[in-house]
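Heads up, the thing below is written out as structure tokens.
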């Protein structure tokens, strides 16, 4: 049986799948994670192309921003965390504002290309599947083909503009969606289940109303993710929006916010600016929740100092001071470091302090801190 090697640009696939879902259905809930099952992907490849061992399935991304457990990726692939943050001294020279300038562009692409070259030199396969639609991989695919390997490109959407035209014209394409079986539809909820869901959504909306009154500012979606956890917050937002209870919008400074529809004036959403202190507190606390979700059982203060330093891109001294503040507020507790406790009082306290800027990250994927 032919041997297959798969090299996946996880960030490219994840974001392209989200974009495809939004194109197919404009009502697709904001921030909802696309369906991905890497067990199904491996089974499809082995049925149609050849055997695929875990050491021949390489997935690269900055997994500070993404969850390597998504779709069982870490069970089937060798996951490489490509830390692409610029160092503090470089940022002081190059960065003038927050955002994606915190990271080195195309860092994961370069690492993935390096891994392909190393694989060809040490344990060459018969078929190479490149999991990206980026133009940068066209030359790599041509080189592999010239060396006598079969080359296939795994893409999220063959017809999307983000899939390079040269890749579409020159190579065989494998549509990721073809490899996936959508989960079975859930049975209709019983009356008792509907009552419980309505109560949950009602409590969520009441909490949102309380936040607006106490903070007197636009409420970032990231703040709700910090208080409820990313997945539960996305679920509550989806249900509340589907029932016409909340509005999702982008504030004047580009912050994605949520408000109750009862706050509309003459049917128009009132886009209140978000105070900078609240925005930074929301980003820091959401980052804390994301770190905790992938922290090991024995995570201690040393682990958290490293994780905060890498996730926030700050100095060791700043990470240590922030950790001490989180401990003093009871957000983190010795012996319970994987279960952050975040309250409105915590948000109010941190919003009055000078907090580090957090590198922009997709609102859904959760990462691990190496």
Footprinting exposure proxy for 317, 243 (fewest neighbouring C-beta atoms within 10 Å first): 317, 243
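Using a 10 Å cut-off around each Cβ, can you sort 171, 137 from fewest to most neighbouring Cβ atoms? Don't jump to the answer; show the numbers that get you there.
Details: 171 21, 137 26.
Starting with the residue having the fewest Cβ neighbours, the order is 171, 137.
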Percentage relative contact order, segment 191-351, counting C-alpha pairs under 8 Å, at least six apart: 22 percent
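Report the extension gain between residue 139 and residue 336 in nm, rounded to one decimal, defined as 0.36 nm multiplied by the number of residues separating them, less their alpha carbon distance. Can you show the working numbers first?
Numbers: separation 197, 0.36 × 197 = 70.92 nm, distance 4.91 nm.
Full extension from residue 139 to residue 336 adds 66.0 nm.
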Provide, for q = 0.20, 0.24 Å⁻¹, the log10 of I(q)/I(0) from a solvent-free Debye sum over equal Cα point scatterers in segment 243-347. -0.99, -1.25
Report the label-to-label distance for residue 324 and residue 120 in nanometres (one decimal), using points 7 Å from each Cα along the Cα→Cβ vector. 5.2 nm
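Could you order the peptides 218-225, 40-47 from most to least packed, using the average number of other C-beta atoms within 10 Å per residue? Before the final figure, lay out the partial values.
Details: 218-225: 25.4, 40-47: 17.8.
So the peptides 218-225, 40-47, ranked by packing, come out 218-225, 40-47.
Roughly speaking, what is the stretch gain from residue 175 to residue 69, that is 0.36 nm per residue apart minus the C-alpha to C-alpha distance, in nm to one decimal?
Details: separation 106, 0.36 × 106 = 38.16 nm, distance 2.16 nm.
Going from the current span to full extension adds 36.0 nm.
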Listed peptides 227-237, 252-262 by packing density, highest first (mean Cβ within 10 Å): 227-237, 252-262
Give the order of 149, 38 when sorted by the count of other beta carbons within 10 angstrom, beginning with the fewest. 149, 38
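Here, each number is a calculation from the coordinates, and none is a lab measurement. Keep in mind that this is a model prediction, so the values were computed, not measured. Please note: Cβ atoms are built from the backbone with ideal geometry, for glycine as well, and neighbour counts cover all protein chains shown.
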